[in-house]
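The values are calculated or read from the model by the stated rules, or taken from the named source; none is laboratory data. These numbers were taken from a predicted model, which means no experiment stands behind them. Quick reminder, even Gly has a Cβ in these numbers, built from the backbone with ideal geometry, and neighbours come from all protein chains shown. Just the protein is used for accessible areas: all its heavy atoms, side chains included, with ligands, DNA and RNA removed. Shrake-Rupley method; radii C 1.70, N 1.55, O 1.52, S 1.80 Å.
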Amino acid sequence: MPTYIQAQSKTGYDRRYEDKVFPKDTKCIEMIDYIGTGGPPDENGEITQGEPGNYFGVRYCHAESFYRCFANATFGGPCIVTIGEFPAEAYDERGEAITDKTINMAASFRDSDLEILPHGCSRYMIHNTNNMFDGCSKLRSWSPQEMVGAGIAGVNDPAAPHILRSNGLAEAAFLFNLAPQTMKRMFAGCVSYNGRAINVISWANLRNENAASGFAEGCTFDPIYLNGIIASLHWEFFVKKTVRTPLLDVNLGSGVLSGETAKQAKELIDAGIQLTGFEIKG
């Protein structure tokens with residue numbers, strides 16, 4: 001039988017799962033404190049149940065830090081780590097978040113054998129992803145079909161966590177809504193990861209010139225995804241003008257750039273974005 005683990009998100013503070021060896025049949029680890037029971041606003045904009053923003057069925061957690069929470073952990077196979085929605089510090093009369101806390105995910109999975117990106121952590125709240133997946137040599141891209149085949153989905157298992165009983169297994173969803181202030185060596189050593197969806201991470205909030213140093217050192221991303229990262233950074237820097245600091249040693253792993261992407265990389269380098277790791281041809 002599959003093993004499902006549910007833990008209060010305060011685990012992030014006490015590093016309870018650092019160096020942990022999980023049972024090999026562990027399919028899901030939920031880091032949540034409570035499940036929302038309130039309702040959405042009515043036609044007059046009034047919250048009739050619970051607290052503003054506390055919508056029915058939403059999984060919430062309270063931890064503001066998951067520093068080294070799963071560092072050196074052994075999952076022993078495909079396992080979904082899902083982290084609940086973080087409640088905002090304040091909501092407006094419609095239940096929309098006004099202000100958010102910041103969440104520290106530094107080194108949270110460092111040197112573990114994590115195979116699948118975690119789920120959760122939305123609304124641009126994660127400010128520190130330094131070394132988050134550093135050394136996760138087994139981390140890779142999975143299709144929904146592969147995850148079902150690996151026994152992750154528990155659609156017909158009433159004991160399975162919510163995420164496994166739904167059809168919401170979007171493997172790269174964690175990377176959306178990410179705009180860290182610092183992400184040094186975030187994917188360093190992820191030798192099995194092909195770079196899918198990394199281009200959706202925003203560079204707009206990076207705070208200093210070393211904030212992305214060694215980002216993907218040791219990786220070899222598929223050309224389409226390496227090109228996508230360059231194009232996304234180029235767009236944020238030159239079109240949106242949201243990247244406001246020079247960046248040093250932005251290592252994007254090995255690979256070869258040519259054509260339009262090589263031109264974009266050269267323009268970024270000339271503008272003070274020190275891109276390293278790959279080769280530029282032409």
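Set the Förster radius R0 to 35 Å, insert the Cβ-Cβ distance between residue 280 and residue 64 as r into 1/(1 + (r/R0)^6), and round the FRET efficiency to 0.05.
Numbers: r = 41 Å, r/R0 = 1.16.
For residue 280 and residue 64, the calculated efficiency is 0.30.
Can you sort 127, 62 by solvent-accessible area, 1.4 Å probe, largest first? Each step should come with its number before you reach the end.
Working: 127 50, 62 90 Å².
Most to least solvent-accessible, the answer reads 62, 127.
Taking the full set of protein chains and a 1.4 angstrom probe, give the accessible area of residue 67 in square angstrom, rounded to the nearest 10.
Counting only protein heavy atoms, the figure is 100 Å².
Quote the FRET efficiency, to the nearest 0.05, computed for residue 159 versus residue 13 with a Förster distance R0 of 35 Å and r equal to the Cβ-Cβ distance.
On the way: r = 28 Å, r/R0 = 0.80.
Approximately 0.80, to the nearest 0.05.
Suppose each label sits 7 Å from its Cα in the direction of the beta carbon; what would the residue 6-residue 37 distance come out to in nanometres?
Between residue 6 and residue 37, the simple spin-label model gives 1.4 nm.
If you bin every alpha carbon distance in the chain into 10 Å steps from zero, what whole percent lands in each bin?
Spelled out bin by bin, the chain gives 7, 27, 32, 22, 10, 1, 0 percent.
Counting Lys +1, Arg +1, Asp -1, Glu -1, what net charge surrounds residue 236 among other residues with beta carbon under 14 Å of its beta carbon? Write out the running numbers ahead of the final one.
On the way: positive: 240, 241, 244; negative: 267.
Once positives and negatives cancel, what remains is +2.
More than 13 Å apart: what percent of Cα pairs in the stretch 201-262 qualify?
Values: 1205 of 1891 pairs.
Summing the P(r) of the stretch 201-262 above 13 Å gives 64 percent of all pairs.
Compute the long axis of helix 259-270 from its Cα atoms, compare it with the longest principal axis of the Cα atoms of the chain, and write down the angle in degrees, 0 to 90, nearest 10.
90
Taking 7 Å along the Cα-to-C-beta vector as the label spot, tell me the residue 231-residue 245 distance in nanometres, rounded to one decimal.
So the label points at residue 231 and residue 245 sit 2.8 nm apart.
As I understand it, the value is the acute angle between the Cα axis of helix 223-234 and the longest principal axis of the Cα atoms of the chain; what does it come to in degrees, rounded to 10?
Orientation of helix 223-234: about 90 degrees from the principal axis.
Evaluate E = 1/(1 + (r/R0)^6) for residue 25 and residue 256, where r is the Cβ-Cβ distance and R0 equals 41 Å; express this FRET efficiency to the nearest 0.05.
Values: r = 41 Å, r/R0 = 1.01.
It comes out at approximately 0.50.
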